[in-house]
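To start, the structure under review is shown below, and the notes come after it.
The values are calculated or read from the model by the stated rules, or taken from the named source; none is laboratory data. Small disclaimer: the values here were computed from a predicted structure and weren't measured. Using ideal geometry, Cβ is built from the backbone for each residue, glycine included, and neighbour counts are taken over all protein chains shown.
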Amino acid sequence: MDILLAVGTAQASQWMNAVVHVLPHARVRAWTSGDKAHADYVLFWKCDAAALVPRDGLKAIFNLGAGVDALIPLLRTASCDAPVYRLEDAGMAQQMADYARYGVLHHMRRFEDYRRQAAACEWRALNALHRRAMPVGVMGLGRLGEHVARTLTADGFIVRGYSRSKKHIEGVETFARNDGIDRFLDGLHVLIDLLPATEDTRNILNMRTFARLADGACLINLARGMHVNEDDLLEALDTGKLGFAMLDVFAHEPLLTAHPFWRHPRVMVTPHISAATLIDESARQVAEKIAALEEGRTVTGLVDMQRGY
């Protein structure tokens with residue numbers, strides 16, 4: 001079996017070591033410019049589109065991350081129609097839940113208000129919000145979003161979930177696109193974005209969305225920066241409609257030093273760290289999926305190229 005590893009980041013050697021370890025009987029090579037040779041599987045992450053040229057015997061491409069929005073246009077450029085599989089969790093769900101939980105608790109215990117009070121040397125106790133009186137909404141109920149929703153439900157929060165198609169999650173009130181988004185949004189104290197990156201979700205976090213939330217609500221964006229209408233978000237923060245925003249993803253990364261998010265008193269910026277890909281766990285998942293494909297078994301994580309996820 002021939003495995004082509006096309007990783008264009010500083011972790012390329014770590015990926016190579018991990019893949020060789022979990023696929024000891026395969027011939028694993030790193031992609032170099034001009035390589036158009038046979039490969040049974042291509043493992044791809046942030047590399048040149050030339051690595052995706054159609055190849056004899058190519059059975060599948062594995063995207064070494066959860067998001068495939070950057071990969072899809074590269075496949076079109078390369079005219080490659082091989083099936084694509086994405087990583088599912090591989091240690092990312094718990095990290096994402098930890099980040100979301102921190103943001104929700106930060107809002108509930110009013111730590112953002114205390115931070116502003118501390119800057120003014122003001123000593124004053126504030127009434128905390130009650131977790132059963134501050135509904136939390138999770139937009140996007142894929143593998144990661146579902147885990148976040150379940151985690152917050154187990155923590156005792158009232159949780160709503162929103163997704164393209166109807167999902168059933170114990171303890172979570174779920175809404176689908178056909179239901180309309182307004183009932184999902186109405187009165188939310190925290191809105192967590194974990195939607196996929198598609199044209200349907202571009203700028204979905206806008207003034208109309210924010211207007212449905214409770215006054216002083218918190219926005220946590222863990223999905224993609226393209227979901228946010230930045231001008232609307234800044235206006236909602238400046239007027240107090242939103243009390244706080246935790247932003248881990250941005251339309252342009254790294255975030256430009258002149259961007260107002262860096263200096264806004266109601267914004268916390270983190271550098272796309274909510275869920276780092278764990279290389280060893282991810283390599284094992286890819287190896288398991290390859291073994292299943294070789295045996296003719298059904299493999300989860302197949303990307304719907306029309307939907308974009």
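Annotations for the structure displayed:
- If you check Tyr85, Tyr41, Tyr99 for being surrounded by 14 or more Cβ atoms within 10 Å (Cβ to Cβ), among the hydroxyl-bearing types (Ser, Thr, Tyr) and closer than 30 Å to Gly187 by Cα, only one passes: Tyr99.
- Every condition in (1) loosely packed, with under 15 Cβ neighbours inside 10 Å; (2) assigned by TED's automatic domain parsing to the domain that holds Leu247 holds for Pro54 except the one numbered (2).
- Unique residue being over 23 Å from Met226 (Cβ atoms), in contact with a helix residue (DSSP H, G or I) (Cβ under 7 Å, 6 or more places away or on another chain), modelled with pLDDT of 95 or more and not charged (D, E, K, R) when the list is Ile290, Ile279: Ile279
- Members of region 96-140 found to be part of a loop (DSSP other than H, G, I, E, B) and touching a residue at least 40 places away in the same chain (Cβ under 8 Å), listed by number: Leu129, Met134, Pro135, Gly140
- Number of residues in region 259-286 that are assigned to a loop (DSSP other than H, G, I, E, B) and within 30 Å of Ala18 (Cα to Cα): the value is 9.
- His264 satisfies every condition listed in (1) outside the structural domain of Gly67 (by TED's automatic domain parsing); (2) more than 20 Å from Asp193 (Cβ to Cβ); (3) modelled with pLDDT of 95 or more except (2).
- When Gly34, Gly67 are screened for being of a type in the set (Gly, Ala, Ser) and on the phi > 0 side of the Ramachandran plot, only Gly34 passes.
- Exclusive hit being in a helix (DSSP H, G or I), without any contact (Cβ under 8 Å) to a residue 60 or more places away in the chain and assigned by TED's automatic domain parsing to the domain that holds Leu255, set Gly145, Gly156, Gly161: Gly145
- Selection count, region 164-210, where residues are more than 19 Å from Ile220 (Cβ to Cβ), of a type outside the set (Lys, Arg), touching a Ser or Thr at 6+ places or on another chain (Cβ under 9 Å) and part of a helix (DSSP H, G or I): 1
- Only one of the listed residues (Ala128, Ala133, Ala119) is under 28 Å from Ile204 (Cβ atoms) and surrounded by fewer than 16 Cβ atoms within 10 Å (Cβ to Cβ). That residue is Ala133.
- Check on Ala93, under 24 Å from the mean Cα position of the chain (by Cα), buried (at least 16 other Cβ atoms within 10 Å of the Cβ) and touching a residue at least 60 places away in the same chain (Cβ under 8 Å): yes
- Whichever residue in region 254-297 is polar (S, T, N, Q) and under 28 Å from Thr77 (Cα atoms) and, among such residues, is surrounded by the most Cβ atoms within 10 Å (Cβ to Cβ): Ser282
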